[in-house]
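Written out below as C-alpha cells is the structure these notes cover.
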Ligand code: PEP
Ligand code: MN
C-alpha cells in the first residue's frame, strides 16, 4: 500500500483526494490550479499530459513539455504529482523526471499488449514509484486484475486501483456507469490494493459529482480522484465535469464531515 494511502486511511478527518485538471494545458494553468489546490489541502496533484481522445481532431495534450511543469508543482507546493502513461516512452520520461504516481488509463488497462509493454518499461523502476490502474472500459474484472499482475510482476509494489465507471450502449444518466458491484468485487478479490473512486469520469457533468461521492462513501469507499481546473469553462478537455478549486474544497469538507460522521 502506498504511503499516502495508508496515512490517509488512518485519519478519518483527512480524506485522500487526488485532484487536478483533466489536462495540463499551459504552465500558467497548471501552476495556478496546483497552488489553489494546495491551499485547499490537496496533497496529490493530477494532470494529464498525453490525452487519449475518442475521436481525432481534438486537443491531445501537451506531451513531454508538461513534465517540467509537474516537477515545478512538486518542488513549489510539496504535493505529490500524478500523470497518465500509455506507452513505454511515457513511462520512461516520467520515471526519469521523478513523477511520483503513474496512472494507467481505462483505454490502456484492458489491452494486454499495452500492459505487457508498460510492465517491461517499469521493470527496475525505483521502489518509491506508485502505479495506479483504472478499470478497463468494460466491466471485465479479470482484465483489471491481469493488468495488476503484469505490473506487480515487473517489481512494482506500490499499487492502487481507480474506479472510473464503464461504457454502456444507449442513453444513460452518466458518462460512464458506476456499476458499483464491479469495484466491490475487485476489492473482494484484491483486498491488498487500495481503491480510489473517480466520480468525475463517471459523472461527465459537475452536478452529478457530489451525489456519486455520497454513493461511494455509503459503500465504504473513502478515497477519490477528482478533476479540478482553475477555469473549468475554458478547459480544453472535460470542461463540463471539472470543478473550480473552491468547489473542490467544499466537496473535501463534505467528504471529511461524512467520513467523520461514520467513523
Ligand atoms: C483522465 O483521467 O483524464 C482520463 C482520460 O481518464 P479515463 O482513462 O478514466 O478515461
Ligand atoms: Mn478527464
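The values are calculated or read from the model by the stated rules, or taken from the named source; none is laboratory data. As the structure is a prediction and not an experimental result, all values here were calculated from the model. Cβ sites come from the backbone with ideal geometry, for glycine too, and all protein chains shown count toward neighbours.
Name the residues in segment 103-117 that are outside any helix (DSSP H, G or I) and in contact (Cβ under 8 Å) with a residue 40 or more places away in the chain, would you? Reasoning before the result, please.
Step one: of segment 103-117, the residues outside any helix (DSSP H, G or I) are 103-105, 110-111.
Residues satisfying the conditions are 103, 104, 105.
For segment 26-56, what are the residues that are within 16 Å of ligand 2 (Cβ to nearest atom) and more than 17 Å from the chain's Cα centre (by Cα)?
Scanning segment 26-56 gives 29, 54, 55.
Going by what's in this entry, would residue 76 be described as exposed (fewer than 15 other Cβ atoms within 10 Å of the Cβ) and part of a helix (DSSP H, G or I)? First the steps, then the outcome.
Numbers: exposed (fewer than 15 other Cβ atoms within 10 Å of the Cβ): yes; part of a helix (DSSP H, G or I): yes.
Yes: the conditions hold for residue 76.
Among the listed residues 140, 100, 120, which satisfies the condition of being touching a residue at least 12 places away in the same chain (Cβ under 8 Å) and exposed (fewer than 15 other Cβ atoms within 10 Å of the Cβ)?
Working: 140 fails: exposed (fewer than 15 other Cβ atoms within 10 Å of the Cβ); 100 fails: exposed (fewer than 15 other Cβ atoms within 10 Å of the Cβ).
Unique residue meeting the criteria: 120.
If residue 16 satisfies all but one of (1) crowded, with 16+ Cβ neighbours inside 10 Å; (2) within 14 Å of ligand 1 (Cβ to nearest atom); (3) modelled with pLDDT under 95, what's the number of the condition it fails?
(2)
Considering segment 145-177 alone, what residues qualify as being more than 16 Å from ligand 2 (Cβ to nearest atom), closer than 21 Å to residue 108 by Cβ and out of contact with any strand residue (DSSP E or B) (no Cβ under 7 Å at 6 or more places or on another chain)? It would help to see each step written out before you state the result.
Step one: list which residues in segment 145-177 are more than 16 Å from ligand 2 (Cβ to nearest atom), which gives 145-161, 168-173, 177.
After this cut, where a residue has to be closer than 21 Å to residue 108 by Cβ as well, the list is 145-161, 168, 177.
Listed by number, the residues that qualify are 145, 146, 149, 150, 153, 154, 155, 157.
How many residues does segment 198-247 contain that are on the phi > 0 side of the Ramachandran plot and either over 17 Å from the mean Cα position of the chain (by Cα) or crowded, with 23+ Cβ neighbours inside 10 Å (or both)?
Keep residues of segment 198-247 that are on the phi > 0 side of the Ramachandran plot, which gives 204, 220, 238.
Narrowing the set further to residues that are either over 17 Å from the mean Cα position of the chain (by Cα) or crowded, with 23+ Cβ neighbours inside 10 Å (or both) leaves 220.
Result for segment 198-247: 1.
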